Amino acid sequence: MNLNLRIFIILLMLIGIYSIVKVIKRKNLSMKYGLYWTIIFIFMLILVIFPNIVESIAALCGFKEAPNMLFLIAIFILFYIIFRLYITISKLQEMNRSLIQEVALLKKDNKK
């Protein structure tokens, strides 16, 4: 990988980590999800700084090209994040339904 490209990607990763910290401080993102994204950015930063690690792991796992392994890992990480978000959405929908029912019961009691 070209040195200029590596420096550019490193700067992007550092800007990304800084942005995540700012968003967490403003309370627009929970610490839980911010931690996920921070770990992903740090992991990517390590892989950019030490590209030989990727090639070694890819060879050990039987991949012919290291980028193929990285794309597969990225797809699995994105699937995991989507799955976790669907779990959160399901819990929030259940809580919303429960709150609507409670409000309806309270309104019914107040009319009496």
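Nothing in this text is a laboratory measurement; each read-out follows from the coordinates by a stated rule. Fair warning: this is a prediction, and the values are worked out from it, not measured in the lab. Neighbour counts run over all protein chains shown; Cβ positions are idealised from the backbone, glycine included.
Here are the numbers for the structure shown:
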quantity: Furthest towards positive pole of dipole, Y36, L60, L85, structure part the chain, Cβ charges; calculated: L85
quantity: Relative contact order (%) - criterion: Cα under 8 Å, at least six apart; region: segment 2-112; calculated: 17
quantity: Cα-centred dipole magnitude for the chain, charges only on beta-carbon of K, R (+1) and D, E (-1), debye, nearest 20; calculated: 840
quantity: Highest-MSF residue in the chain out of L99, L47, L29 [GNM, Cα springs under 10 Å]; calculated: L99
quantity: Computed lengthening from L35 to S90, 0.36 nm per intervening residue step minus Cα-Cα distance; calculated: 17.7 nm
quantity: Among L105, I49, F8 the positive-end extreme of the charge dipole of the chain (Cβ point charges); calculated: L105
quantity: 12 Å beta-carbon shell around A104, net charge (K/R +1, D/E -1); calculated: +2
quantity: At 0.692 mPa s and 37 °C, Stokes D of the chain from Kirkwood alpha-carbon radius, µm² per second; calculated: 187
